[in-house]
Amino acid sequence: MGQIIKKRTDYISWDEYFMGVAKLASLRSKDPNSQVGACIVDADNKILSMGYNGFPRGCSDDEFPWAREGDTLETKYAYVTHSELNAILNYRGGSLENCKIYVTLFPCNECAKAIIQSGIKTVVFAENKYDGTPSVEASKKLMNAAGVRYYQYQPTGKKLEINV
Ligand SMILES: [Zn+2]
């Protein structure tokens, strides 16, 4: 009689996996103040794209400004592409219709527009530290009107360690 080998039970859930990937992507950000990551998943739980906040391709991380205050042209806000938009634009495989996006921070109104227009139908966010600001309020208004569902990721407290 062969011994019955049972599957592992401590594997990570889909939600832990995708939010974990979004967090991993955020570690690529060069922004000294804000690191955000995003991961787009289809209905079959396949990862289609990832992104993090940074300057557009060809725009040097060492030459463009990371400042948050001052003349508009001297701040990052004029130049940085957010993680959600990067994840959407990074995907060249076709449609993102009915996909889900995992993002480490609630999407701003500009990203909400891109999420809606790309066909993504669900947003799973981790932090929401700008809740109540005009940007987040506008984002909610847009997503509510467009039928994009959003809910907060519930941390499981599991600590994942990866040696690289
Ligand atoms: Zn944004």
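The values are calculated or read from the model by the stated rules, or taken from the named source; none is laboratory data. Worth saying up front: this structure is predicted, and the values here are computed from it rather than measured. Positions of Cβ are generated from backbone atoms using ideal geometry, with glycine treated the same way; all protein chains shown enter the neighbour counts.
Quick notes
- Among the numbered conditions (1) closer than 21 Å to Ser29 by Cβ; (2) within 13 Å of the ligand (Cβ to nearest atom); (3) free of Cβ contacts under 8 Å to residues at least 60 places away in the same chain, the only one that Lys129 does not meet is (2).
Residue-by-condition table, conditions (1) more than 12 Å from the ligand (Cβ to nearest atom); (2) in a loop (DSSP other than H, G, I, E, B):
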site	(1), (2)
Asn86	no, no
Gly94	yes, yes
Ile116	yes, no
Met143	yes, no
Pro155	yes, yes
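- Annotation note: Cβ proximity below 7 Å between a residue of region 19-38 that is outside any loop (DSSP other than H, G, I, E, B) and a residue that is buried (at least 16 other Cβ atoms within 10 Å of the Cβ) and of a type in the set (Phe, Trp, Tyr) (sequence gap 6+ or interchain) occurs for Met19/Tyr102; Met19/Tyr153; Ala22/Tyr102; Ala25/Tyr52; Ser26/Tyr52; Gly37/Tyr52; Ala38/Tyr102.
- Condition met for Val136 (buried (at least 20 other Cβ atoms within 10 Å of the Cβ) and either free of Cβ contacts under 8 Å to residues at least 60 places away in the same chain or within 12 Å of the ligand (Cβ to nearest atom) (or both)): no
- Complete set of residues in region 39-84 that are assigned to a loop (DSSP other than H, G, I, E, B), surrounded by 12 or more Cβ atoms within 10 Å (Cβ to Cβ) and away from the ligand (no atom under 16 Å from the Cβ): Asp42, Cys59, Phe64, Pro65, Trp66, Ala67
- Meets criteria (modelled with pLDDT of 95 or more, among the aliphatic types (A, V, I, L, M) and buried (at least 19 other Cβ atoms within 10 Å of the Cβ)) for Val21: no
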